[in-house]
Amino acid sequence: MSELPTEDRGPRFHIPIYDDVLKHAETFILVVLLFGVIFSTFLNIIDRNFQIGIWDYAVVEKMIYSAVFYIGMFGGVAASRRAKHISIDAVAHLMPERPKLILGAILQVIGGITCVLLTRACYVWLYTVIDADEALLPAMEEWYLNMRLWRWPVVIAFAWMALHFFVNAFRYGYDAIYPRPIVSIDSPGSEPVA
């Protein structure tokens, strides 16, 4: 009798705000950042080649560099949601299901604690190292070029990752304590095998 693999099934319980709203917010942020970088880079190339004078090159390049970094950060947020980025593949496939889930829960808690510490460190760095009036470019004083404003997404991304790690740790632990029934796929409508 063949069995459905564990990885192909989703979480056993649904958290509406977490599984729906935050998931779509992550995707929206990534899409907006990506299209913003592509569009800004395109306009920057057009502006340089035809000397239209739309904006200051240095400002746009700093913004694009920051946005590309944030794409990586929020890509990490999306990866931590799925818990596919942290795994011990050399050993995990040899382990039985329950110890694998326990190990997964422990690793997720360690990742969550690490992200909480990084969130705290980034927040402290933001308010102790960066001056309140420091700008992304020293010669420009516009409010949207404030250095703290451009560094806040790092704090938010690490906090969001910590949330994902802790929710995944809870889900791994729940699955380890209350194992899923094995479902046969050989006959339609068959009952779960204990």
>> Being within 24 Å of the chain's Cα centre (by Cα), of a type outside the set (Lys, Arg) and more than 15 Å from residue 169 (Cβ to Cβ) narrows it down to one residue among 77, 59, 109; which is it?
In response: 77
>> When the residues of region 111-134 are narrowed to those that are surrounded by 14 or more Cβ atoms within 10 Å (Cβ to Cβ) and among the polar types (S, T, N, Q), which ends up nearest to residue 82 (Cα to Cα)?
In response: 114
> Among the residues of region 58-77, is there at least one that is among the polar types (S, T, N, Q) and surrounded by fewer than 16 Cβ atoms within 10 Å (Cβ to Cβ)?
Replying inline: no
> Which condition does residue 168 not pass, out of (1) of a type in the set (S, T, N, Q); (2) loosely packed, with under 14 Cβ neighbours inside 10 Å; (3) at pLDDT 90 or above, if it passes all the others?
Replying inline: (2)
> Can we say residue 105 is at pLDDT 90 or above, under 26 Å from residue 37 (Cα atoms) and small (Gly, Ala, Ser)?
Replying inline: no
>> Looking only at region 26-48, filter to residues that are farther than 30 Å from residue 163 by Cα and of a type in the set (D, E, K, R); which one of those is most open to solvent (accessible area, probe 1.4 Å)?
In response: 48
>> Which residue is modelled with the highest pLDDT, if the candidates are limited to region 146-162 and must be closer than 12 Å to residue 130 by Cα and in a helix (DSSP H, G or I)?
In response: 152
>> Within region 175-182, does at least one residue satisfy the condition of being modelled with pLDDT of 90 or more, open to solvent by less than 50 Å² (accessible area, probe 1.4 Å) and within 18 Å of the chain's Cα centre (by Cα)?
In response: no
> Only one of (1) within 19 Å of the chain's Cα centre (by Cα); (2) of a type in the set (Lys, Arg); (3) over 22 Å from residue 14 (Cα atoms) is not met by residue 148, so which one is it?
Replying inline: (1)
>> Which of the numbered conditions does residue 137 fail, given that it passes all the others? Conditions: (1) in a helix (DSSP H, G or I); (2) in contact with an Asp or Glu (Cβ under 9 Å, 6 or more places away or on another chain); (3) in contact (Cβ under 8 Å) with a residue 40 or more places away in the chain.
In response: (1)
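The values are calculated or read from the model by the stated rules, or taken from the named source; none is laboratory data. Predicted, not measured: the structure shown is a model, and the values here were computed from it. Note: ideal-geometry Cβ built from the backbone for every residue, glycine included; neighbour counts use all protein chains shown. Surface accessibility is based on the protein's heavy atoms, side chains included, excluding ligands, DNA and RNA. Shrake-Rupley method; radii C 1.70, N 1.55, O 1.52, S 1.80 Å.
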